[in-house]
Amino acid sequence: MVKADAYGCGLAAVAPALWRAGCRTFFVAHLSEGETVRARLPEAAIYVLNGLPPGAGPALAARGLRPVLGSAEEIVEWAALAQGRLPAALHVDTGMNRLGLPLSEARALAEDPARLRAAGIDLVMSHLVSAEMPEDPVNARQIADFAAARALFPGLPASLANSSGIFLGGEVHHDLLRPGYALFGGNPTPEAENPMRPVVRLAAEIVQVRAVEAGAGAGYNARWTAPGPRRLATLSIGYADGYPRAASERGRALVGGVPCPIVGLVSMDLVILDVTEAPEARRGAEAVLIGGALDVDAVGRAAGTIGYEILTRLGSRYVRSYVE
Ligand SMILES: *Cc1c(COP(=O)(O)O)cnc(C)c1O
């Protein structure tokens, strides 16, 4: 899964790296993302998850992109264009009620082999609602419904598991896995230790350090006032970089390994840290916002959101350097 600019990591660099690692099938959300992958990977199978917008068939076909068809209208429109010569995936809904044919409509399609052939279906897939919560009974229902759905299309490969689904066990795996978050270091098993290694490290430079007296305010609206003499460091990062404003007064950054609280409001281009306990804080030093003890899941929690949102909002002003 490389949608959302490969979870904020940079699709143009990540897709070829995954290809070199042996990945041959890629999923994106939009045609434009598919175009970026296609330009770099002429031989990859690229599926577009958000399906077939009205009239978009020729643009997808011209780039060799495969829509994930999720409604009867999409199937009719694609079949008319494809005439059995262009591949596509079929999304069967098993509980999300977001995309995909209901099981009853999938059954009707299975009983219409001419239409199925014309639509070029080469993969049957569905998506799990609560895979990160293994004890949720919806998992067993979806696993059973998907088994029934795939049985309607004998001979077609099938795919059900996202990152967390992979860790639910072998009956979820079928023929093709669709990991996203876990590929980029997120924890697919939130109730247990993260089995994945970290991928993203985010650091910002300290612009200046200042000493303040008790009672001094910091940032817009002086939402924080110093409870005593403090050293404050101003970082060159802000919500315009995708660092969440919701992390104001709740998030942390590491300076020389010392966790330092964010004080006051996160501003557009700047963040203020209390570095009183961090002797290494000085102009030009680095503050780590994601990395080490601050994994992406922890950063999400501090901002009242999930690590997925932290990754997919990694900003366009950052200098991305890739370490292989
Ligand atoms: C995003 C997405 C995935 C990947 O989910 P992760 O939880 O990031 O692994 C898999 N399948 C579909 C249909 C998706 O939209």
Practice task
Would you mind finding the one in A204, A211 that is at pLDDT 95 or above, under 35 Å from the mean Cα position of the chain (by Cα) and either within 16 Å of the ligand (Cβ to nearest atom) or over 22 Å from M1 (Cβ atoms) (or both)?
Solution key: A204
Practice task
Could you look through segment 145-170, keep only residues that are open to solvent by 10 Å² or more (accessible area, probe 1.4 Å) and within 11 Å of the ligand (Cβ to nearest atom), and pick out the one that is nearest to S104 (Cα to Cα)?
Solution key: N162
Exercise for the section: Might you check whether a residue that is among the hydrophobic types (A, V, I, L, M, F, W, C), surrounded by fewer than 20 Cβ atoms within 10 Å (Cβ to Cβ) and part of a helix (DSSP H, G or I) occurs anywhere in segment 45-58? Expected result: no
Fill in the blank from the handout: Expected single match for without any contact (Cβ under 8 Å) to a residue 60 or more places away in the chain and open to solvent by 70 Å² or more (accessible area, probe 1.4 Å) among A246, A226, A303, A293 is A293
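Determine whether R20 is away from the ligand (no atom under 16 Å from the Cβ) and in contact with a strand residue (DSSP E or B) (Cβ under 8 Å, 6 or more places away or on another chain).
In short, no.
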Exercise for the section: Go through (1) under 19 Å from P87 (Cα atoms); (2) out of contact with any Asp or Glu (no Cβ under 8 Å at 6 or more places or on another chain); (3) open to solvent by less than 70 Å² (accessible area, probe 1.4 Å) and name the single condition D175 misses. Expected result: (3)
Problem - In segment 8-25, the residues that are more than 17 Å from R201 (Cα to Cα), of a type in the set (G, A, S) and surrounded by fewer than 17 Cβ atoms within 10 Å (Cβ to Cβ) - result: A12, A17, A21, G22
Exercise for the section: Kindly check whether there is at least one residue in segment 231-239 that is over 28 Å from G307 (Cβ atoms), touching a residue at least 12 places away in the same chain (Cβ under 8 Å) and open to solvent by 40 Å² or more (accessible area, probe 1.4 Å). Expected result: yes
Completion exercise
Going through segment 171-201 in order, the residues found to be under 26 Å from I262 (Cα atoms), part of a loop (DSSP other than H, G, I, E, B) and within 13 Å of the ligand (Cβ to nearest atom) are G185, G186, N187, P190, V199
Completion exercise
Those residues of segment 271-290 which are free of Cβ contacts under 8 Å to residues at least 60 places away in the same chain and either within 16 Å of the ligand (Cβ to nearest atom) or part of a loop (DSSP other than H, G, I, E, B) (or both) amount to T276, E277, A278, P279, E280
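The values are calculated or read from the model by the stated rules, or taken from the named source; none is laboratory data. All values reported here derive from a predicted model rather than from experimental measurement. Counting neighbours? That spans all protein chains shown, and the Cβs are built from the backbone with ideal geometry, glycine included. For the accessible areas, the whole protein counts, side chains as well, though only heavy atoms, and no ligand, DNA or RNA atoms are used. Shrake-Rupley method; radii C 1.70, N 1.55, O 1.52, S 1.80 Å.
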